[in-house]
Amino acid sequence: MCQHRPCWPTPDDAQRLIEAGYTDRLMVDWWFDRDKNKTIYLLTPAIAGCESGEAPAHPEGACTFLNANGLCQIHDSRLKPTEGQIALCGNRTPEGLHEQIARTWDDAAAQALIDRWEANPPRGRRLLFGARSFVGS
């Protein structure tokens, strides 16, 4: 997973990463919830090269926390995102885990965390178009 796409955090995980000083190593990613026909935005460790921005249209690439030895720099800390803690290295991630993590971002408080991250300093494409116009429906 770390070599192809960063693991997703819950809002609480993302807040801990921010508090630990990793603000500039995050990016905005998204999940399209087909049941609700809406896009859910989330803050996640960045794909290397996308720090402080937004995930590309086809989000694939190594996690910003993957070191030169192919190991996670935050693996042994309390900062590793929930998806990375639960996923099975070298095996298949539990069914529906990615979606379950995305759904933890489907509330006003979680979206406000992204708004604050994007606003100070200004970063991310969502901010340019007005975050509220993208959140929700």
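Some notes on this structure:
- Here's how it looks for ILE40: its modeled amide H is under 5 Å from those of TRP31, PHE32, ASP33, which are all 5 or more places away or on a different chain.
- DSSP-assigned coil residues among trypsin sites (Lys or Arg not before Pro) in the range 1-56, each with at most 16 further Cβ atoms within 10 Å: ARG34, LYS36
- 13 Å beta-carbon shell around TRP31, net charge (K/R +1, D/E -1): -1
- Whole-Hz couplings from phi, Karplus 6.51/-1.76/1.60, listed for the range 42-58; x for Gly and Pro: 9, 9, 9, x, 7, 6, 3, x, 10, 4, 6, x, 10, 4, x, 4, 10
- Local electrostatic count, GLN100, Cβ distance below 12 Å [Lys/Arg +1, Asp/Glu -1]: -4
- Rg and Dmax of the range 11-134, Cα atoms only, in Å: 14.2, 41
- Mean sequence separation of contacting Cα pairs (under 8 Å, at least six apart), scaled by the length of the range 11-134, corresponds to a relative contact order of 26 percent.
Read the figures in this text as sums done on the coordinates, not as results from a lab. It should be emphasised that the depicted structure is a prediction, and the values quoted were computed from it without experimental measurement. Because the Cβ atoms are built from the backbone with ideal geometry, glycine has one as well, and the counts that use them run over all protein chains shown.
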